[in-house]
1. Among the residues of segment 147-176, which ones are open to solvent by 30 Å² or more (accessible area, probe 1.4 Å) and either in a strand (DSSP E or B) or closer than 21 Å to A22 by Cα (or both)?
2. Just one of (1) at negative phi; (2) touching a residue at least 24 places away in the same chain (Cβ under 8 Å) trips up T126, so point out which.
3. Pull up segment 200-216, narrow it to residues that are surrounded by fewer than 21 Cβ atoms within 10 Å (Cβ to Cβ) and of a type outside the set (V, I, T), then point me to the one that is farthest from I113 (Cα to Cα).
4. Against the condition modelled with pLDDT of 95 or more, open to solvent by less than 60 Å² (accessible area, probe 1.4 Å) and not in a strand (DSSP E or B), how does A181 come out, does it pass?
5. Can you spot a residue in segment 113-122 that is open to solvent by 70 Å² or more (accessible area, probe 1.4 Å), part of a helix (DSSP H, G or I), in contact (Cβ under 8 Å) with a residue 24 or more places away in the chain and under 21 Å from K91 (Cα atoms)?
6. Looking at R187, is it touching a helix residue (DSSP H, G or I) at 6+ places or on another chain (Cβ under 8 Å) and either part of a helix (DSSP H, G or I) or in contact (Cβ under 8 Å) with a residue 12 or more places away in the chain (or both)?
7. Evaluate the following for A189: is it of a type outside the set (S, T, Y) and either within 17 Å of the chain's Cα centre (by Cα) or open to solvent by less than 40 Å² (accessible area, probe 1.4 Å) (or both)?
Amino acid sequence: QLTKKGVESKVVKTAQALKDGAVRGVMDLLDRGGAGPLIHWAGKLGVESGIDALCSQPFVAGVSKDVCAAAFDAGVELFKERREAAAESGKLFHDAIDQHIQGTLYAGENTAILRACQECVAFIGTFGVGEFKSEVCFVADFEEGGVRYRYGGTPDFACPAVCLDWKTVEDARDARIKELAQLATYRKALGYDKARCVNVYISRVTGAIVGKREWTEEELALGWEYFTLAYKQALLEDRFAA
């Protein structure tokens, strides 16, 4: 999008982008009905509560309002930094694994990332996959049940035999319905109707695969249904905005 002066705009207006033919991403659509802005609000609430508790008995009583306000601002910034650091860490893992899969072996000094690369490639090998591509961007455009679906996505690994999605985590945890919906939606868009779908959980600390969840056909149908609800919600919000 361009400004009135003809230079590239720093702010992309969603309504105009959609009008111009752009599509929303799968995770953008799935996150619309999730925590979203509530995460930032909850972070600020947590910082504020911690400061209030610290500046009261039996901790440090009598701290000035200016000091509390400054501590709050610093705490909120630290909260943002830590959120962004976690996201950036996940991106480093994903990028390295993708390059490793395609033959550019990881040569960095992070032993956790190296281990993740090696274990993910070994895991792909268990499916007997021959030639393949990873990190394939797609744009889906089809009609089903009277609804036209247009969305985009970038699977971590996808081929007719298997669709995989890497999730970096602090510790082993249970799978989530949005993760199921993400893989179900990728598989449908790519036309890989028989592909096995697996979420792979990788420790940010050690790089080891600490969990795997392969979804059944019944679960994948549920995941697609979940996505259709998120998609229809987005359509309604767009109509309201218009």
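The values are calculated or read from the model by the stated rules, or taken from the named source; none is laboratory data. Please read these numbers as outputs of a predicted model, since none were measured by experiment. Cβ sites come from the backbone with ideal geometry, for glycine too, and all protein chains shown count toward neighbours. Remember, those area values only see protein heavy atoms, side chains included, never the ligands or the DNA or RNA. Shrake-Rupley method; radii C 1.70, N 1.55, O 1.52, S 1.80 Å.
1. Selection gives R148, R150, T154, K167.
2. So T126 meets the others, but not (2).
3. We begin by selecting, within segment 200-216, every residue surrounded by fewer than 21 Cβ atoms within 10 Å (Cβ to Cβ); these are 203-206, 208-214, 216.
When the remaining residues are screened for being of a type outside the set (V, I, T), the result is 203-204, 208, 211-214.
Working: S203: 9, R204: 8, A208: 9, G211: 16, K212: 18, R213: 21, E214: 23 Å.
In this case the residue turns out to be E214.
4. Values: modelled with pLDDT of 95 or more: yes; open to solvent by less than 60 Å² (accessible area, probe 1.4 Å): yes; not in a strand (DSSP E or B): yes.
Yes; evaluated as a whole, the condition is true for this residue.
5. Narrowing segment 113-122 to residues open to solvent by 70 Å² or more (accessible area, probe 1.4 Å): 115, 118.
Filter again for part of a helix (DSSP H, G or I), leaving 115, 118.
Subsequent filtering for residues that are in contact (Cβ under 8 Å) with a residue 24 or more places away in the chain retains 115.
Still in the running and under 21 Å from K91 (Cα atoms): 115.
Yes, some residue in segment 113-122 is open to solvent by 70 Å² or more (accessible area, probe 1.4 Å), part of a helix (DSSP H, G or I), in contact (Cβ under 8 Å) with a residue 24 or more places away in the chain and under 21 Å from K91 (Cα atoms).
6. Details: touching a helix residue (DSSP H, G or I) at 6+ places or on another chain (Cβ under 8 Å): yes; either part of a helix (DSSP H, G or I) or in contact (Cβ under 8 Å) with a residue 12 or more places away in the chain (or both): yes.
Spelling it out, R187 is indeed touching a helix residue (DSSP H, G or I) at 6+ places or on another chain (Cβ under 8 Å) and either part of a helix (DSSP H, G or I) or in contact (Cβ under 8 Å) with a residue 12 or more places away in the chain (or both).
7. Values: of a type outside the set (S, T, Y): yes; either within 17 Å of the chain's Cα centre (by Cα) or open to solvent by less than 40 Å² (accessible area, probe 1.4 Å) (or both): yes.
When the stated conditions are applied, A189 passes them.
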